1. Output yes when any residue across segment 79-94 is aromatic (Phe, Trp, Tyr), in contact with a Phe, Trp or Tyr (Cβ under 8 Å, 6 or more places away or on another chain), under 22 Å from ASP25 (Cα atoms) and open to solvent by less than 20 Å² (accessible area, probe 1.4 Å), and no when none is.
2. Does ASP53 qualify as being under 29 Å from GLN294 (Cβ atoms) and at pLDDT 90 or above?
3. Test GLU297 against the criterion of being among the charged types (D, E, K, R) and touching a strand residue (DSSP E or B) at 6+ places or on another chain (Cβ under 9 Å), and give yes or no.
4. On the basis of being farther than 30 Å from ASN207 by Cβ and either modelled with pLDDT of 80 or more or open to solvent by less than 20 Å² (accessible area, probe 1.4 Å) (or both), does LEU167 make the cut?
5. In segment 289-313, which residue that is in contact with a Ser or Thr (Cβ under 6 Å, 6 or more places away or on another chain) and either of a type in the set (Gly, Ala, Ser) or within 15 Å of ILE339 (Cα to Cα) (or both) is most open to solvent (accessible area, probe 1.4 Å)?
6. Taking into account only those residues within segment 324-361 that are surrounded by 12 or more Cβ atoms within 10 Å (Cβ to Cβ) and acidic (Asp, Glu), which is farthest from VAL284 (Cα to Cα)?
7. Here are some residues: GLY61, GLY47. Which one is part of a strand (DSSP E or B), open to solvent by 10 Å² or more (accessible area, probe 1.4 Å) and either of a type in the set (Ser, Thr, Tyr) or free of Cβ contacts under 8 Å to residues at least 40 places away in the same chain (or both)?
8. Within segment 113-124, can you find the residues that are open to solvent by 10 Å² or more (accessible area, probe 1.4 Å) and either under 11 Å from LEU263 (Cα atoms) or among the polar types (S, T, N, Q) (or both)?
Amino acid sequence: MLERHPGGERAVIVQLDFGESSIADRREEVCLLAGSAGASVCATIEGKRKFPDSATYAGKGKVQEIAEAVVLHQADVVIFNHALSPAQERNLEQAVQCRVIDRTSLILDIFAQRAQSSDGKLQVELAQLDHLATRLVRGWTHLERQKGGIGLRGPGETQLETDRRLLGKRVKLLRERLRKLERQRGVQGRSRLRNEVLRVSLVGYTNAGKSTLFNALTHADSYAADQLFATLDTTSRKLWVGEAGHIVISDTVGFIRDLPHELVAAFHATLEATSQADLLLHVVDSVSPIREEQMQEVEKVLAEIGASEVRQIVVLNKLDLGELSPAVERDEYGNIVRIRLSARRGDGLELLRQALAEVAQEKSHYGNQQKVADISHITGSMESFIPL
């Protein structure tokens with residue numbers, strides 16, 4: 001986790017090109033991530049390679065360039081917009097004489113800052129421990145101090161073994177607490193199923209405007225800001241949609257390219273609201289030049305959490321920054337597939353409310369048909385037992 005001093009840390013960003021698309025957008029995104037973590041970017045180092053160096057990820061010449069930038073700008077941390085192995089991280093730190101972190105560590109740090117609820121903090125801590133377990137050589141003595149230190153070691157046990165044992169105990173405890181949360185959410189989810197309330201979940205790439213849309217629809221006060229991962233903890237509210245009655249709508253954490261697997265696994269309990277929803281509103285930044293790529297990244301995470309089969313409506317947000325007008329798009333069967341709106345200005349919100357009411361009425365109609373079918377089945381079963 002990043003250590004900060006007043007005024008923020010000075011960071012050198014490293015973005016290497018291995019033939020991927022949208023390198024400029026990747027560089028801009030990692031700079032936004034660094035800013036969200038509280039760092040100021042003082043230099044960006046770029047370069048092209050066919051494949052990563054096994055020892056230092058970047059080549060010798062590039063590592064020397066990074067070291068010179070660290071000295072020139074008096075940098076506190078070097079941030080690689082890539083996944084580094086523990087060995088590469090250690091080798092780089094020795095070479096540039098500065099702390100080095102990778103993209104995963106950076107995202108985990110942001111999550112650690114933003115988590116507000118007790119379960120959100122548990123999930124972030126578990127993700128951090130899973131990621132940092134392989135980096136124990138850097139020292140975990142703070143865990144020993146928290147638990148008393150002397151008297152905890154086994155006979156002949158090294159410091160590293162002690163740290164791993166303490167870490168394992170903490171991970172086991174966190175997993176058990178999160179399992180309890182999942183069971184509690186399961187009970188709440190079954191209760192909502194019995195009430196036949198339409199459950200809607202907002203999903204999308206980070207900073208697409210999900211929380212702004214959530215606040216505009218529900219008049220809630222969820223934190224919304226022009227920064228990555230402004231929202232971490234899932235917030236749910238009831239929303240009245242006219243004749244269709246109430247629905248439950250949830251605002252969830254934003255997704256991002258190369259979202260650390262540890263985070264997806266740790267946030268499984270939170271992301272259940274998405275996988276168990278009846279409808280996903282896939283919020284998209286309509287003016288982003290890489291919106292199609294961002295949508296694909298969201299679809300990848302949805303598949304990973306088991307939500308790829310949930311019905312979706314794409315919400316093209318931020319029309320106030322473009323030239324399109326609010327509208328509803330339907331497929332050849334009349335189903336709503338896209339809605340264009342501006343959550344910030346409120347343009348097109350009524351179209352979205354009407355769409356939600358339409359889906360809620362469809363669910364209610366289907367539920368009533370299912371009840372009739374169930375009653376007919378039960379009645380038919382009873383009649384088969386009536387003596388002639």
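1. Start the filter on segment 79-94 by keeping residues that are aromatic (Phe, Trp, Tyr), which leaves 80.
Among the residues that remain, those that are also in contact with a Phe, Trp or Tyr (Cβ under 8 Å, 6 or more places away or on another chain) are: 80.
Subset that is under 22 Å from ASP25 (Cα atoms): 80.
Applying the additional criterion that residues be open to solvent by less than 20 Å² (accessible area, probe 1.4 Å) yields 80.
Yes, segment 79-94 has at least one match.
2. Working: under 29 Å from GLN294 (Cβ atoms): no; at pLDDT 90 or above: yes.
Spelling it out, it is not the case that ASP53 is under 29 Å from GLN294 (Cβ atoms) and at pLDDT 90 or above.
3. Working: among the charged types (D, E, K, R): yes; touching a strand residue (DSSP E or B) at 6+ places or on another chain (Cβ under 9 Å): yes.
Considered against the rule, which asks whether it is among the charged types (D, E, K, R) and touching a strand residue (DSSP E or B) at 6+ places or on another chain (Cβ under 9 Å), GLU297 comes out as yes.
4. On the way: farther than 30 Å from ASN207 by Cβ: yes; either modelled with pLDDT of 80 or more or open to solvent by less than 20 Å² (accessible area, probe 1.4 Å) (or both): yes.
Answer is yes for this residue.
5. GLY306
6. At the first step, the residues of segment 324-361 found to be surrounded by 12 or more Cβ atoms within 10 Å (Cβ to Cβ) are 324, 326-329, 335-349, 351-361.
With acidic (Asp, Glu) added as a condition, the list becomes 329, 347, 358.
Values: GLU329: 15, ASP347: 15, GLU358: 21 Å.
The extreme case among them is GLU358.
7. Working: GLY61 fails: part of a strand (DSSP E or B).
The conditions single out GLY47.
8. Residues of segment 113-124 open to solvent by 10 Å² or more (accessible area, probe 1.4 Å): 113-114, 116-119, 121-122.
Listed by number, the residues that qualify are GLN113, GLN116, SER117, SER118.
The values are calculated or read from the model by the stated rules, or taken from the named source; none is laboratory data. Because the structure is predicted, anything quoted here is derived from the model rather than measured. So basically every Cβ, Gly included, is an ideal-geometry build from the backbone, and we count neighbours across all protein chains shown. Only protein heavy atoms, including side chains, enter the accessible area calculation; ligands, DNA and RNA are left aside. Shrake-Rupley method; radii C 1.70, N 1.55, O 1.52, S 1.80 Å.
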